[in-house]
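Please read the structure below before turning to the comments.
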Amino acid sequence: MTNELDLTKKLDFGAIFEWTFKLFKRHFLFLVRSMSYFFIPGLIVLTGLIVLIYPSVLSVMDNFFSMVQNSETLSANNTFPMNFFIDFIKMYLLIISIMIVYSLFVLASSAASIKAISIKLEQKDDKEINVFKHVLKKFLPLLGTTMISGIMMTFGFLFCYIPGLILMVYMIFVPQAVILENKYFFSAIGRSFSLVNKNFWIVALILLIFYFIYSIGLSILIAPVYLVPYIKFIMQMVKMGGETDPAYMMDVMRNFMKEMSVYIFIIIGISSIASLFYLLLINNALTIKFYNIKNLKEGTQLLSDIDKELNKT
């Protein structure tokens, strides 16, 4: 492997994989700082919203266990547990709202990483604040285009899982088309289809391998956090020495679920940080392939056009 990346020659998966990590290491601070304009506010908002939703989670748990403890009374009186239902709906809506708001910051962070790595691939010298400004200008078209492609993929997943996966691969270059080529909506989707065409399997391999690495790494990070409350619960059950009092068992389960909810929020935080590095790596790999395919297709076409003109003369 040479010291400089040549995007005019076809790169196999091995070359893309190696250069992804080389560029990640070489431009790490620039890439992270570029993303941090969106990612850090996103984490702050996520933390604030989690603090906001936590009382609702506790309320739902309390109502649930109260409903279980009083199930015979509710059944005898033919009473519907309205408090539990209302609190559950509130919690569900809050969770959906959190997911939507946070996903906007993730989308912007991903776009910033694409723009940042493109600057380095084009061997330009620019500042992180300019990456931030560029993404802000493109954000609404990017959001609209992402929503359209998301709807298309959703229909693919509804009819059959495989068509959804195929569409996901074919539309993987939509962010690059919007951020780097000023193509929007169906124009960006068409651009992505044209670039992935005849390169489907290597693009799919990039997505699969990097997601596999991310999944394994994340599992290693969060497994100990998951185990802590379960180990405490098992130890408490052993200390109980075969206690079978239903009320006492219900209190133990209630305390376990409350403690587990805290650890779940910790896991969300770890997953959010891990996603930063995943976005950097996958967008590095995909943007390298984006430029490589683009140069090969358009460079070959340009040479062909030149040869045609020379033959005419």
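The values are calculated or read from the model by the stated rules, or taken from the named source; none is laboratory data. Just so you know, these numbers come straight off a predicted model, no measurement behind them. Every residue, glycine as well, gets a Cβ built from its backbone with ideal geometry; the counts of neighbours run over all protein chains shown.
Per this entry, residue 97 is not counted among residues that are over 23 Å from residue 275 (Cα atoms) and modelled with pLDDT under 85.
Looking at region 112-208, the helices (runs of 4 or more DSSP H) lying wholly inside it that each contain 2 or more residues that are touching a Lys or Arg at 6+ places or on another chain (Cβ under 7 Å) and touching a residue at least 40 places away in the same chain (Cβ under 8 Å) sit at 128-159, 174-181.
Buried (at least 19 other Cβ atoms within 10 Å of the Cβ), among the polar types (S, T, N, Q), modelled with pLDDT under 90 and more than 19 Å from the chain's Cα centre (by Cα), is that true of residue 118? Taking the combined requirement at face value, the residue satisfies it. Filtering region 186-224 to residues that are more than 21 Å from residue 292 (Cβ to Cβ) and under 21 Å from the mean Cα position of the chain (by Cα) leaves 212, 214, 215, 216, 217, 218, 219, 220, 221, 222, 223. Scanning region 271-285 for residues that are of a type in the set (S, T, N, Q), in contact with a Phe, Trp or Tyr (Cβ under 9 Å, 6 or more places away or on another chain) and under 19 Å from residue 205 (Cβ atoms) yields a count of 1. Take residue 78 and tell me if it is modelled with pLDDT under 85 and assigned to a helix (DSSP H, G or I). It is false that residue 78 is modelled with pLDDT under 85 and assigned to a helix (DSSP H, G or I).
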